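Single-structure report; data block below.
We did not get these values from a lab; they are worked out from the coordinates using the rules stated. Since this is a predicted model, take the numbers as computed values, not measurements. Positions of Cβ are backbone-derived with ideal geometry, glycine not excepted, and every protein chain shown enters the neighbour counts.
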Amino acid sequence: MMIEITPWLDRKKGQSLYSELYKYMKGEIEAGSITVNTRLPSIRQLAQHLTLSKNTVEAAYQQLVLEGYVDNRLRSGYYVLPIDEVTAIPPTMSPPVVCESKDDTEARYDFAYGDIEVDRFPMREWARCLTDSLYEKPFEALGYGNKQGDPELRAEIASYVFQSRGVVCHPDQIIISSGTQQSIGLLCQLLQLRGERIGIENPGYHGVRTVLSNHGCIVTPISLEHDGLSIDELVMSGSKAVYITPSHQFPMGMILPIQKRNQLLRWAEDNDALIIEDDYDSEFRYVGQPIPALKALDSSGRVIYLGTFSKSFLPAARLSYMVLPTSKMEQVYKELQAYNQSVSPIIQRAVYLFMQRGHFARHIRKMRRIYYSKHSALIRAIIQLMGNRVDVIGHKSGLHILLDVKGRDSEQLIEQARKHAIKVYSPRDQWLEPLSCPNSYVMLGFGAIHEEAMEEAIQILNQAWFTQHV
């Protein structure tokens, strides 16, 4: 039997339509309203019935298939699978304590940094790559995996960083990891950085600062100037390494100029020091020509280059990589033998197929256009609606901006936005001393908000912040 599905979808809501449809169907299946072995409507039929695109319906179905709620039977359609009953907690047992976020308010628009545009993700191609990864070289995909990462994926990454960032490297210089923080932790262990003085931008990514501290490094804050890291302060710090985001400083957004890049490289060579370059969102630049990575200028093997697929691909893949100098590889390779690879070989193999078949390059080109349009719509709305009451900081690249809302307090701004079902955030955690962060700074991540909704979101923020302060 095939059924009709008629959920109520809020098309003005912040989350994607495919996600709303998927959550509705998942809930109905778990509740037993859609019973086992029920045949679901075809993608075309449901798309027509709900006036949605076929891609939206297919993405929802594919997510249900991936999570085991639905089976896609060849030439037959989609059928609901049985779900094991959840064992109830005996009355004598206390339920586990669950730590939840303080703010669970449902937001109409959420300007969270790190969220990405999911609706435009090529779900069909990715699902096919995942499936194919199980059958192409199954021994590699189903085992523990190469300690450095899938060799063919590392070859694809080496080609990619050369073409996109000017970084010349051999696949054997690359180590796959499950995120930037895991990369930093691994470097601390492989290069024996415990007890060493490590410079870090201040403000700078607090996630890296936390990992360095937890691994026993002496974290030394280095101030920012109008054009990035203070080289003079770094020279005086006595650091043996420095962590830096030169292509898009996080969170302030400036780009380190060529003069400072050369000074930084000379500092590293003169002091036998290392530079850890985090190139976290270099794919998305909106003003001027692409800037080569600092690693591309490194002729003396001083730069460790960190890249990630979280912004350009999927955060859920948990896949990052680092390119190490050849001079460090013998030491690193020896130490690495005690560690297992942290990223699923299935995911690595699927990402390799995704890149090898050209899907990744096409996806990057498409998302660059989409994020450029979103960024333009965001800046245009802020200028038109908020005018000189705010200053935009760090708007030349990436998936976030800072707003300086003049004369206002960020906690008050965040609370006023929350009351209007908008989530915005304070960047103060990125400062070593959070009270040093200017009170008027608010961070807006725009990756997950649809372009057509951008003006409305800023209109609501403008109303929340300024209607009582005219």
Once you charge only the Cβ atoms, +1 for Lys and Arg and -1 for Asp and Glu, what is the size of the charge dipole of the chain about its Cα centre, to the nearest 20 debye? 1020 debye
Along each of its three principal axes, how wide is the spread of alpha-carbon positions in the range 17-93, in whole angstrom units, largest first? 50, 26, 20
Given 13 as the ceiling on other Cβ atoms within 10 Å, longest exposed-site-free region of the chain for chymotrypsin sites (Phe, Trp or Tyr not before Pro) in DSSP loops: 145-338
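What's the magnitude of the charge dipole for the range 17-93 around its Cα centre, counting Lys and Arg as +1 and Asp and Glu as -1 at the beta-carbon? Answer in Debye, nearest 20.
With only Lys, Arg, Asp and Glu charged at Cβ, the dipole is about 400 debye.
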Distant-in-sequence amide H partners of Arg285 (H built 1.01 Å from N, under 5 Å): Gly398
Order of Thr38, Thr467 under a 10 Å beta carbon neighbour criterion, fewest first: Thr467, Thr38
Semi-axes of the range 365-414 from the Cα gyration tensor (sqrt of 5 times each eigenvalue, largest first, whole Å) come to 24, 12, 8
Test of understanding: given the chain, find the longest segment containing no trypsin sites (Lys or Arg not before Pro) that are in a DSSP loop and have at most 12 other Cβ atoms within 10 Å. 195-405
If every alpha-carbon in the chain counts as one equal scatterer, what log10 I(q)/I(0) does Debye give at q = 0.06, 0.07 1/Å? -0.31, -0.42
Hey, which lysines would be in cross-link range of Lys26, C-alpha to C-alpha under 20 Å, not counting anything within fewer than 8 residues on its own chain? Lys13, Lys54
Rg and Dmax of the range 122-359 over Cα atoms: what are they, in angstrom? 17.7, 55
In terms of modelled amide H atoms, which long-range or inter-chain residues lie less than 5 Å from the amide H of Leu40? Tyr78, Tyr79, Val80
Charges on Cβ only, +1 for Lys and Arg, -1 for Asp and Glu, centred on the Cα centroid of the range 17-93; of Tyr24, Leu50, Gln63, which one is farthest towards the dipole's positive end? Leu50
At a Cα cut-off below 16 Å, give the aspartates and glutamates reachable from Lys328, other chains included and same-chain residues fewer than 8 away excluded. Asp172, Glu269, Asp272, Glu277, Asp298
Given the DSSP H assignment, sum -39500 (n - 2.57) over each helix run of at least 4 residues in the chain and divide by its residue total; what's the result at 222 nm in deg cm²/dmol, nearest 500? -12000 deg cm²/dmol
Determine the shape class of the range 191-282: with a ≥ b ≥ c the square roots of the Cα gyration tensor eigenvalues, call it rounded for a/c under 1.5, and otherwise prolate if a/b is greater than b/c, oblate otherwise. oblate
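Can you give the net charge of the other residues whose Cβ lies under 10 Å from the Cβ of Ala457, counting K and R as +1 and D and E as -1?
With Lys, Arg at +1 and Asp, Glu at -1, the net is -2.
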Just want the answer: with Cβ charges of +1 for Lys and Arg and -1 for Asp and Glu, which residue in Ser282, Leu353, Leu314 is farthest toward the dipole's positive end in the range 215-356? Leu353
Here, the range 328-470 modelled as identical Cα point scatterers in vacuum has Debye log10 I(q)/I(0) at q = 0.08, 0.09, 0.15, 0.16 Å⁻¹ of -0.36, -0.44, -0.84, -0.89
Reachable lysines from Lys406, Cα under 16 Å, same-chain residues fewer than 8 places away excluded? none
DSSP bridge pairs, the chain: antiparallel proportion in percent, nearest 5: 55 percent
Going toward the positive end of the dipole of the range 172-311, with +1 on Lys and Arg Cβ and -1 on Asp and Glu Cβ, which of Pro221, Val235, Val211 do you reach last? Val211
Applying the Karplus parametrisation 6.51 cos²θ - 1.76 cosθ + 1.60 with θ = phi - 60° to the phi angles of the range 147-153, what ³J(HN,Hα) value in whole Hz is obtained for each residue in order, glycine and proline being reported as x? 4, 8, x, 3, x, 6, 5
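What fraction of the Cα pairs in the range 272-338, stated in percent, has a spacing above 20 angstrom?
41 percent
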For Thr220, residues with placed amide H under 5 Å, excluding near neighbours: Ile198, Gly199, Ile200
